[in-house]
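Read through the structure below, which is laid out as structure tokens, and then see the notes.
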Amino acid sequence: MELHTFSFFLLFLPAGVIMNWALCTCGRSIARKWLFLIASLVFYAVSSVETLPLLLGSLVMNWFIADRIQGSALGPLRQRWLMLGITLNVALLVIFKYSHFIADNIGGLLGWHPSLPAFVLPLGISFFTIQQIMYLVDCSEEMIAPAPLLEHATFISFFPYIAAGPITRGGIFLPQLNSIEHSSEKQLATGLMIFIIGLFKKVVLADQSFGRFADEGFSAAAQLGLAEGWLTGVSYTFQLYFDFSGYSDMAIGVGLMLGLNLPENFNSPFKALSIIDFWKRWHITLSNFITTYLYTPMARSVRPLTFGKAMLVTIVAMTIAGIWHGAAWTFLIFGLLHGLAIVINHYWRKTKMKLPGQLAWSLTFFFLIVAFVVFRADGWTQAYAVLSSMLGVNGIEYHGVFEQGGVRYLIFLVGAAVAFVAPNSNELARNFNPSWRWCVFSCASLLLSMLMASTGGTSGAIYRGF
């Protein structure tokens, strides 16, 4: 089950909203927590029942370690429990996500090829691993108190974000979970509007337009001409944005309908005028994790911290963030590219020279397209082929790689307008006032999304694979 499927938004979601409203009206706080937990485990089991025991085991393990952290005085014992928790969480991630990648690369160097079990990648393991590490760190620093098992399990497994975020901190989620206030009528309407916008972005823009262009281009990477190469790179850049931001919008919308405010994850990232600005707008919750839980601890460990050391730590942190996305060299290179770009951006800022706004935007967006081509490619050969075509290596002729269709090009233009010009979903939510105009807009968007989805042209959320 996924947030953009008929079974979710026509059956699962309405049932959950109605039951939540009834329990809040009756003041049944504990029952409400059980509702969220059971719904989350059912949602997870429908998607990945074979890895449900791993999620449950991880929940209990981290709950126990958080309890041990609280029971230990500040000092070495508390730090040992924290390091044990971080080590076990990272170990699970490495075993299920990276063991074959590590073994294949070491085996290639040494001529030794160990036989490893064919692990099934648990749904959302990258996201719930990060959330549990943040939770343990926050408990260790006494920013939050360890929650009872019911609340901890609900927080980690909450179905709107378990598969693909946004990454949520316990200090944000748990106090809301303990509140018994149900959604107001305006909050329900806002949540529904944001959900429909996310559904439209995912189904209509990501899957039916940009995703098709990107798939056709990457599947014929060696045959692309100049214009086709650029259309391929730009299409995937937009596909990833609309897919992931659409999923985040749907998750945030579901949260609002259930009376919970989830953190914003995107803020018009393609309007950024620098790569530093981009990472303040793109996957905001991951950026916060990188800054708070990766960069800051590493920076503290290299005292005295000079500018050069800070830049080196930046590159290391971004490279780790890159490989977090998946077990492939392309993800590592993607993270490294962004780390280097951020360092160059910082050095440029030290010169106190400013580029004209249009030039700054153009350079930033050009870099993003190149980096996302590497991110999307099956390997370096495919990435090199697409990037070469963008430089005109294969000539400027049109080779007929893409299927013709005026509607697809029209949707392409609509998507570009949404990304570059229109207010984003956060701005729409803050300024939202229910009206007949919004009702007509939402109904039309929902019907179009359902029509597109019914044709079978949708795919799973890209970040579910991470």
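The values are calculated or read from the model by the stated rules, or taken from the named source; none is laboratory data. None of the values given here were measured: they were computed from a predicted structure. Don't worry about glycine lacking a Cβ; one is built from the backbone with ideal geometry, like all the others, and counts go over all protein chains shown.
Regarding ILE156, is this residue out of contact with any Lys or Arg (no Cβ under 6 Å at 6 or more places or on another chain), surrounded by fewer than 24 Cβ atoms within 10 Å (Cβ to Cβ) and not assigned by TED's automatic domain parsing to the domain that holds ILE290? It is false that ILE156 is out of contact with any Lys or Arg (no Cβ under 6 Å at 6 or more places or on another chain), surrounded by fewer than 24 Cβ atoms within 10 Å (Cβ to Cβ) and not assigned by TED's automatic domain parsing to the domain that holds ILE290. Going by the structure shown, is ALA189 under 30 Å from ALA377 (Cα atoms) and either touching a residue at least 60 places away in the same chain (Cβ under 8 Å) or in a loop (DSSP other than H, G, I, E, B) (or both)? So ALA189 does not fit the description; no. Every condition in (1) modelled with pLDDT under 95; (2) part of a helix (DSSP H, G or I); (3) surrounded by 22 or more Cβ atoms within 10 Å (Cβ to Cβ) holds for GLY259 except the one numbered (2). Looking at this structure, is GLU181 farther than 30 Å from THR292 by Cα and either in a loop (DSSP other than H, G, I, E, B) or modelled with pLDDT of 95 or more (or both)? Here the answer is yes, as GLU181 does meet what is asked. In contact with a helix residue (DSSP H, G or I) (Cβ under 9 Å, 6 or more places away or on another chain), surrounded by fewer than 19 Cβ atoms within 10 Å (Cβ to Cβ) and either outside any helix (DSSP H, G or I) or of a type in the set (Lys, Arg) (or both) - does that describe any residue in the stretch 228-246? No, the stretch 228-246 contains no residue that is in contact with a helix residue (DSSP H, G or I) (Cβ under 9 Å, 6 or more places away or on another chain), surrounded by fewer than 19 Cβ atoms within 10 Å (Cβ to Cβ) and either outside any helix (DSSP H, G or I) or of a type in the set (Lys, Arg) (or both). Is it the case that some residue within the stretch 379-393 is under 23 Å from the mean Cα position of the chain (by Cα), closer than 30 Å to GLY225 by Cβ, surrounded by fewer than 18 Cβ atoms within 10 Å (Cβ to Cβ) and in the same structural domain as GLY229 (by TED's automatic domain parsing)? Within the stretch 379-393, one or more residues are under 23 Å from the mean Cα position of the chain (by Cα), closer than 30 Å to GLY225 by Cβ, surrounded by fewer than 18 Cβ atoms within 10 Å (Cβ to Cβ) and in the same structural domain as GLY229 (by TED's automatic domain parsing). Where helices (runs of 4 or more DSSP H) fall wholly inside the stretch 1-87, the ranges with 2 or more residues that are aromatic (Phe, Trp, Tyr) are 29-48, 52-70. The number of residues in the stretch 312-334 being more than 18 Å from the chain's Cα centre (by Cα) and within 19 Å of LEU121 (Cα to Cα) comes to 1. Out of all the residues in the stretch 427-466, which are within 21 Å of ALA163 (Cβ to Cβ) and under 21 Å from the mean Cα position of the chain (by Cα)? Those that are within 21 Å of ALA163 (Cβ to Cβ) and under 21 Å from the mean Cα position of the chain (by Cα): THR458, SER459, GLY460, ALA461, ILE462, TYR463, ARG464, GLY465, PHE466.
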